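*Asks:* I am attaching a structure below and will ask some questions about it afterwards.
The values are calculated or read from the model by the stated rules, or taken from the named source; none is laboratory data. Note that this is a predicted model, so its numbers are computed, not measured. Heads up, the Cβs are rebuilt from the backbone with ideal geometry, glycines too, and the neighbour counts pull from every protein chain shown.
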Amino acid sequence: MKKIYLSALIVLYMAFIGCGSGGQGELVGIKGKPYKQELPLGMVYIPAGTFIMGQVDQDVTISQFPQNKQVTISAFYMDETEISNSEYKQFVNWVRDSIAISKLGTKAEKYMLKPKGKNANNTVKLIDWKKVGTGKKGLWSDKTLVEDLEKNMYYQGNEKFFNKRELNVEQLRYSYAWIDYRKAADNRGARDPNLNKNGISVTRDNFIIKEEVYIYPDTLVWISDFSYAQNDPMVKGYFSHPAFLNYPVVGVSWKQAKAFSVWRSRFNEAYKASRNLPARLDYDLPTEAQFEYAARGGRVGTSYPWGGPYIRNAKGCLLANFKPGRGNYIDDGGATTVAVKSYFPNDYGLYNMAGNVAEWTSSIYNDVATAYVNTLNPSFDRAVKEGDPDYNKRRVIKGGSWKDIGYFLQNSARAYEYPDSVRSSIGFRCVTPFTGRDITDKPNKNKPY
């Protein structure tokens with residue numbers, strides 16, 4: 001009798017809590033996975049803030065009416081240095097290994113993960129990167145695959161030089177996809193989700209943009225950028241020699257820099273998924289506003305990232321890597337580029353926000369964009385199509401480079417290049433959004449978080 005009575009109570013209790021979804025009839029929300037804000041490796045935190053973007057009022061070298069605007073920038077993380085040859089090589093090697101395993105087919109079966117558990121019936125095969133490696137037991141040291149790798153991945157026949165085993169870099173292409181949210185917003189339907197305002201059928205695949213990008217840096221920029229200059233050693237060694245591992249990668253187009261940021265997002269996402277952790281938000285190139293805001297280091301109305309109005313310090317030493325004279329490249333300590341952690345960082349801890357290499361941004365260059373971009377996280381950007389006029393394809397570059405005069409080192413200075421252009425003086429760095437409350441805030445019981 002007691003057992004029947006106890007069972008009845010349990011049934012009534014379960015029915016009661018089921019009606020309230022565990023919240024006794026109250027709205028309690030769903031339980032999410034614990035999330036701890038993390039500082040991405042090699043990045044620094046840039047706090048949210050506001051600043052006057054553009055030329056300062058005293059800059060009469062541009063015009064009598066400087067194009068400036070007060071804007072607000074949300075918090076984000078930014079690479080403390082330009083992307084180095086070493087870091088970009090990680091991307092190149094990942095693409096190289098993926099292509100090699102794809103071409104080897106069943107012969108590379110031992111380098112593939114075996115689906116198990118809920119993924120047992122998954123037809124998509126994933127690479128076991130721990131086995132691929134780079135050591136004596138890795139893919140490229142596998143004696144059973146030497147002949148196949150030679151045939152599939154290295155130059156053959158007349159393309160061989162002195163019978164060397166050299167990787168055929170022309171096959172290194174990275175395929176990826178991204179969503180054009182701006183286009184999706186412009187075409188969302190008022191009632192029917194599959195119709196836009198003009199009555200044209202629109203489905204999700206209309207906004208998924210697929211790209212394939214050749215990703216190896218163009219090392220010939222060290223010759224093509226100069227007339228009658230002997231830069232052959234830089235062509236041969238800048239990206240391949242270990243002496244330049246910590247130098248900024250150059251010869252990378254805007255499209256290649258964009259592809260790198262997408263790969264970096266997916267690379268981190270895959271790691272987090274393997275450990276059932278929330279993914280970090282995507283990496284991207286900084287907007288023009290983000291770059292200028294970060295370069296200023298929290299200082300107001302300054303000309304350069306270090307804050308002062310001069311390019312030399314009190315001891316007469318140059319504070320960045322640029323072209324100080326008419327042909328004096330060496331006076332700042334480097335004839336061309338220098339290591340990514342050269343000179344002092346600015347107040348946010350960012351190195352070489354002026355000089356060394358100019359840097360790609362995600363923003364499209366437009367002379368009058370300042371007048372109509374938003375005052376919150378401004379950026380003039382849109383998906384570029386093949387038929388668009390050239391002036392709509394130009395991307396803003398910021399920071400000045402080792403071969404630029406001092407003017408281009410100013411925080412407000414801007415220039416442009418076309419997205420498929422490559423230069424010995426242009427590199428890049430990435431940003432990723434900050435999620436959560438300001439990490440500089442101290443816990444406060446009166447704050448709603």
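*Asks:* Restricting to segment 227-244, and then to whatever is surrounded by fewer than 22 Cβ atoms within 10 Å (Cβ to Cβ) and either touching a Lys or Arg at 6+ places or on another chain (Cβ under 8 Å) or of a type in the set (S, T, Y) (or both), can you tell me which residue is modelled with the highest pLDDT?
*Replies:* Result: S240.
*Asks:* Of the numbered conditions (1) of a type in the set (F, W, Y); (2) buried (at least 18 other Cβ atoms within 10 Å of the Cβ); (3) at negative phi, F344 fails exactly one; give the number of that condition.
*Replies:* Failing condition for F344: (2).
*Asks:* Kindly indicate which of A320, A294 is modelled with pLDDT of 95 or more, buried (at least 17 other Cβ atoms within 10 Å of the Cβ), within 20 Å of the chain's Cα centre (by Cα) and assigned by TED's automatic domain parsing to the domain that holds Y176. Break it down stepwise before answering.
*Replies:* Numbers: A320 fails: within 20 Å of the chain's Cα centre (by Cα).
The conditions single out A294.
*Asks:* Give the residue that is modelled with the highest pLDDT, with candidates limited to residues of segment 170-182 that are surrounded by fewer than 15 Cβ atoms within 10 Å (Cβ to Cβ) and not in a strand (DSSP E or B). Give the derivation first.
*Replies:* Here is the first cut: in segment 170-182, the residues surrounded by fewer than 15 Cβ atoms within 10 Å (Cβ to Cβ) are 170, 173, 175, 177, 179, 181-182.
Checking which are not in a strand (DSSP E or B) leaves us with 170, 181-182.
Details: E170: 93, Y181: 88, R182: 85.
Here the residue is E170.
*Asks:* Would you point out the residue of segment 359-381, among those that are modelled with pLDDT under 85 and β-branched (V, I, T), that is farthest from I83 (Cα to Cα)?
*Replies:* Filtering first and then ranking leaves V368.
*Asks:* Let me ask another. Please work out if A320 is assigned to a helix (DSSP H, G or I) and touching a helix residue (DSSP H, G or I) at 6+ places or on another chain (Cβ under 8 Å).
*Replies:* Values: assigned to a helix (DSSP H, G or I): no; touching a helix residue (DSSP H, G or I) at 6+ places or on another chain (Cβ under 8 Å): yes.
Spelling it out, it is not the case that A320 is assigned to a helix (DSSP H, G or I) and touching a helix residue (DSSP H, G or I) at 6+ places or on another chain (Cβ under 8 Å).
*Asks:* Taking Y304, is it hydroxyl-bearing (S, T, Y), part of a loop (DSSP other than H, G, I, E, B) and crowded, with 21+ Cβ neighbours inside 10 Å?
*Replies:* yes
*Asks:* Restricting attention to segment 377-413, and to residues there that are buried (at least 22 other Cβ atoms within 10 Å of the Cβ) and among the charged types (D, E, K, R), which single residue is farthest from T50 (Cα to Cα)?
*Replies:* R395
*Asks:* Looking at (1) in contact (Cβ under 8 Å) with a residue 40 or more places away in the chain; (2) under 18 Å from the mean Cα position of the chain (by Cα); (3) over 25 Å from I208 (Cα atoms); (4) not in a loop (DSSP other than H, G, I, E, B), which one does I397 not meet, given that it meets all the others?
*Replies:* (1)
*Asks:* Take K315 and decide whether it is surrounded by fewer than 22 Cβ atoms within 10 Å (Cβ to Cβ) and not in a loop (DSSP other than H, G, I, E, B). Show your work before the answer.
*Replies:* Details: surrounded by fewer than 22 Cβ atoms within 10 Å (Cβ to Cβ): yes; not in a loop (DSSP other than H, G, I, E, B): no.
No, not satisfied.
*Asks:* While we're here: Assuming I223 fulfils every condition listed in (1) over 26 Å from R264 (Cα atoms); (2) at pLDDT below 90; (3) in contact with a helix residue (DSSP H, G or I) (Cβ under 7 Å, 6 or more places away or on another chain); (4) of a type outside the set (S, T, N, Q) apart from one, which condition is it?
*Replies:* (2)
*Asks:* It is to be established whether one or more residues within segment 25-35 are within 21 Å of A279 (Cβ to Cβ), modelled with pLDDT of 75 or more, surrounded by 10 or more Cβ atoms within 10 Å (Cβ to Cβ) and of a type in the set (F, W, Y).
*Replies:* Among the residues of segment 25-35, not one is within 21 Å of A279 (Cβ to Cβ), modelled with pLDDT of 75 or more, surrounded by 10 or more Cβ atoms within 10 Å (Cβ to Cβ) and of a type in the set (F, W, Y), which makes the answer no.
*Asks:* While we're here: Tell me the strands (runs of 3 or more DSSP E) entirely within segment 45-113 that contain at least 2 residues that are at pLDDT below 95. Walk me through how you get there before you give the answer.
*Replies:* Working: elements: 49-54, 68-73, 76-79.
Result: 49-54, 68-73.
*Asks:* Please give the number of the condition E159 fails out of (1) in contact (Cβ under 8 Å) with a residue 60 or more places away in the chain; (2) farther than 17 Å from I99 by Cβ.
*Replies:* With (1) in contact (Cβ under 8 Å) with a residue 60 or more places away in the chain; (2) farther than 17 Å from I99 by Cβ applied to E159, the lone miss is (1).
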